[in-house]
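In what follows, a structure is listed as structure tokens, so that the remarks can point back to it.
The values are calculated or read from the model by the stated rules, or taken from the named source; none is laboratory data. Since the model is a prediction, treat every value here as computed from it, not as a measurement. Here the Cβ positions follow ideal geometry from the backbone for every residue, glycine too, while neighbour counts run over all protein chains shown. Note: accessible area is taken over every heavy atom of the protein model, side chains too, but ligands, DNA and RNA are not part of it. Shrake-Rupley method; radii C 1.70, N 1.55, O 1.52, S 1.80 Å.
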Amino acid sequence: MVTIRELTYDLLRRNGITTIFGNPGSNELPFLQDFPGDFRYILALHEGVAIGIADGYAQATGRTALVNLHSAAGTGNAMGGLANAWNSHSPLVVTAGQQTRAMIGIEPLLTNIDATMLPKPLVKWSYEPARAEDVPLAMSRALHMSRLPAPGPVYLSIPYDDWAKDADPESSRLLERKVNAAGALDANATANLAARLDRSANPVLILGPDVDAARANEHAVKLAERLKAPVWVAPSAPRCPFPTTHPNFRGLLPASMAGISKLLDGHDLVLVAGAPVFRYHEYEPGPLLPPGAELIQITFDPDEAARAPMGDAMVGDVGLILAALADAVTESGRAAPAPRMAPKRIAPGKTPLTAERVLDLMDELAPRDAIYVNESTSTIEAMWERMRWEEPGSYYFGAAGGLGFAMPAAVGVQLAEPDRQVIAVIGDGSANYSITALWTAAQQKVPVVFVIMRNGTYGALRWFAGVLHADGVPALDVPDIDFVDIARGYGLEAERATTDEAFAAAFAEALKTGRPCLIEVATAWRKA
Ligand code: TZD
Ligand code: CA
């Protein structure tokens, strides 16, 4: 007989999963016992880190990642990360060990009370099997559910006494299943959409993270070139869907209604692909679109399509639809959009360093295909303006704006992309939420270069306090944190830089070592 544990590991293998990210406790030990030699367990010291590493790994591979958490407390610690994973459509199967079935009713220590309710509404599906025999089916369903459109996290609570029981022989049928999503438009719908774009006098493209997730970046380039359309990145974008060096590239849209409609003024057709319409942040009321403009959204997320407050929507495979559209539109006779102005370069040698100068040095010194995982919140616009991102999968940011994403996600992305250099750009406030990601990077020898932008303050909050006219807010500074000491304590090599020469030298050295390193760089805080 095959045990439920053995069948489940087989199911994971068949679905391409041999890595587990987590932080276990007593309820999870029976799953992990006799851990198979072809699996690896990436231990994180906090569940926010476990889910962040898994999120980065899932996004960079485009495949489901498995997260192993401890009951309710472990799930709770991971909730912030779950908010990011939900918003980035990251395919995750999150498991939490439940108490033994015989005792659940009397709620002993480490019972996950009302387990299926706990992670909602940040999961697509949440389940605790009614019988041990249902565990393999539940895992199979979770694996498929996590990656079918729209992908996202799912949650399974599994009583720990289930693992050693015999599997129902019929459950082995799960091993052979292949479940695939279709989703191209039919020829008619493609022709109609192309005709609308052809009729438009001045179309504009707005691209979101799911273009990058679909690896449809080159289809977007072809479509923009044939339409001679400028391209913006959707507000609050957590990935980079279009080469920032392309002449049609305009930049990151602002995250307010009035801001967007003002910038898009003059366009009669707004084509949005792979993004919600729109993920606003600041409340700056105004028209949702400029006068006379219509909007068409292409998304694989039915909910994103349904909840949009304006425009038409097509729900389907973003990559297939963009590819078909790029072929179907007529090459426009308009002049190609003029390239945007190059950002002003900052003169070297000035201290305190500006964040812009640090970014320019990184862009100059890092390999051209480096991947940036960002959580430096007051310098997001500066990054979109300055960095030369040309390859798909070059940029990641917490999709819900929840801090604690980037340090672990950088580790996950680097595990997924061993041939590209991952650079984590982290604010001195943000660095504290998931700081123990440094330990996992050191233990697993994951050669991320962590750059801590130390300006001593919650810069973005200072800026936002200005937007909201909220004067006299306490607790906006984060002085007296020594990230070099902290990093060394977790086993990393670390340097401090206060001049651009020192930063350039430390950064160039860090890129050469092939080991995880941290550089703390002192930057100026300028009031916006
Ligand atoms: N807690 C969590 C989990 N997520 C958040 N987004 C915040 C708090 C609020 N918050 C922001 O939205 S930005 C920010 C905070 C505290 C300041 C981050 O400061 P930093 O970066 O030092 O990392 P900057 O460049 O100085 O803004
Ligand atoms: Ca800061």
**Item:** Label-point gap, in nm, between Leu175 and Asp369 - each point 7 angstrom along Cα→Cβ
**Value:** 3.6 nm
**Item:** Hits among lysines - C-alpha to C-alpha of Lys344 under 23 Å, sequence gap 8 or more where chains match
**Value:** Lys527
**Message:** Averaged across orientations, what area in nm² does the convex hull of the alpha carbons in the range 373-439 project?
**Reply:** 4.7 nm²
**Item:** Residue-by-residue Karplus 3J(HN,Hα) for the range 157-170, coefficients 6.51, -1.76, 1.60, Hz, glycine and proline x
**Value:** 9, 10, x, 6, 7, 6, 5, 7, 6, 6, 7, 5, x, 5
**Message:** For the chain, give me the percentage of DSSP beta bridges that are antiparallel, rounded to the nearest 5 percent.
**Reply:** 5 percent
**Request:** Over the chain, consider all pairs of different Cα atoms and compute the Kirkwood hydrodynamic radius from their mean reciprocal separation; express it in Å, one decimal.
**Result:** 24.2 Å
**Message:** Through the Karplus equation 6.51 cos²θ - 1.76 cosθ + 1.60, θ set to phi - 60°, convert the phi angles of the range 234-249 into ³J(HN,Hα) values in whole Hz; use x for Gly and Pro.
**Reply:** 4, x, 6, 4, x, 9, 10, x, 8, x, 6, 8, 6, x, 6, 6
**Asked** Roughly how many whole Å is it from the C-alpha centroid of the range 79-155 to that of the range 410-457?
**Response** 28 Å
**Item:** Selected from Ala410, Ala96, Ile20, residue furthest toward positive end of dipole (the chain; charges at beta carbon)
**Value:** Ala410
**Request:** Compute the relative contact order of the chain as a whole-number percentage, counting only Cα pairs closer than 8 Å that sit 6 or more residues apart in sequence.
**Result:** 14 percent
**Request:** Mind checking the range 140-194 for trypsin sites (Lys or Arg not before Pro) that DSSP puts in a loop (not H, G, I, E or B) and that have at most 11 other Cβ atoms within 10 Å?
**Result:** Lys178
**Complete:** Averaged over all viewing directions, the convex hull of the alpha carbons in the range 218-284 casts a projected area in nm² of 4.5 nm²
**Request:** With a 1.4 Å probe and every protein chain kept in, tell me what percent of the accessible surface of the range 187-328 is carbon plus sulfur.
**Result:** 54 percent
**Asked** For the range 355-522, what proportion of DSSP beta bridges, expressed in % and rounded to the nearest 5, is antiparallel?
**Response** 5 percent
**Asked** Where a Cα-Cα gap under 22 Å defines reach, which lysines qualify for Lys124, not counting those fewer than 8 residues away within the same chain?
**Response** Lys178
**Cα-based reach from Lys512 at 20 Å (exclusive), listing aspartates and glutamates while leaving out same-chain residues under 8 positions away** = Asp360, Asp363, Glu364, Asp369, Glu417, Asp419, Glu493, Glu495, Asp500, Glu501, Glu520
**Prompt:** At 37 °C and 0.692 mPa s, what whole-number value in µm²/s does Stokes-Einstein give for the translational diffusion of the range 423-528, with Rh from the Kirkwood sum over Cα pairs?
**Reply:** 225 µm²/s
**Item:** Calculated FRET value between Glu381 and Asp114, using beta carbons and R₀ = 51 Å, to 0.05
**Value:** 0.75
**Prompt:** Going through the range 268-334, which GluC sites (Glu not before Pro) have at most 12 other Cβ atoms within 10 Å and a DSSP loop state?
**Reply:** Glu331
**Item:** Where the chain is the region considered: accessible area per residue in Å², 1.4 Å probe
**Value:** 40 Å²
**Item:** Integer Hz, Karplus 6.51/-1.76/1.60 couplings in order for the range 256-266, x for Gly and Pro
**Value:** 9, 4, 5, x, 5, 5, 5, 5, 8, 3, x
**Prompt:** At 4 °C and 1.567 mPa s, what whole-number value in µm²/s does Stokes-Einstein give for the translational diffusion of the range 355-522, with Rh from the Kirkwood sum over Cα pairs?
**Reply:** 81 µm²/s
**Prompt:** Considering amide H positions built from the backbone, and no H for Pro or chain starts, which residues 5 or more places from Ala184, or on another chain, come under 5 Å of its amide H?
**Reply:** Asp317
**Under-5 Å amide H pairs with Trp125, H placed in peptide plane, nonlocal only** = Tyr155
**Asked** To the nearest 0.05, what FRET efficiency results for Ala184 and His281 with a Förster distance of 45 Å applied to their C-beta separation?
**Response** 0.85
**Fill in**
Net charge near Val211 (other residues with Cβ under 11 Å of its Cβ; Lys, Arg +1; Asp, Glu -1) is -1
**Request:** Kindly provide the pair-distance distribution of the range 187-328 built from C-alpha pairs, with 5 Å bins from 0 and whole-percent values in order of increasing distance.
**Result:** 2, 11, 22, 26, 23, 12, 3, 0
**Message:** Tell me the net charge near Phe278. Cut-off is 13 Å between Cβ atoms, Phe278 excluded, with +1 for each Lys or Arg and -1 for each Asp or Glu.
**Reply:** -1
**Item:** Inter-label distance for Lys350 and Arg196, nm, one decimal - labels placed 7 Å from Cα along Cα-to-Cβ
**Value:** 4.6 nm
**Request:** Enumerate by residue number the trypsin sites (Lys or Arg not before Pro) in the range 287-360 meeting two conditions: DSSP loop (anything except H, G, I, E, B), and at most 16 other Cβ atoms within 10 Å of the site's Cβ.
**Result:** Arg334, Arg340, Lys344, Arg345, Lys350
**Message:** Counting C-alpha atoms alone, how compact is the range 4-176: give Rg to one decimal and Dmax as a whole number, in angstrom.
**Reply:** 14.5, 43
**Request:** Would you pull out the residues with amide H under 5 Å of Ala494's amide H, same chain only if 5 or more places away, H placed 1.01 Å from N?
**Result:** Leu518
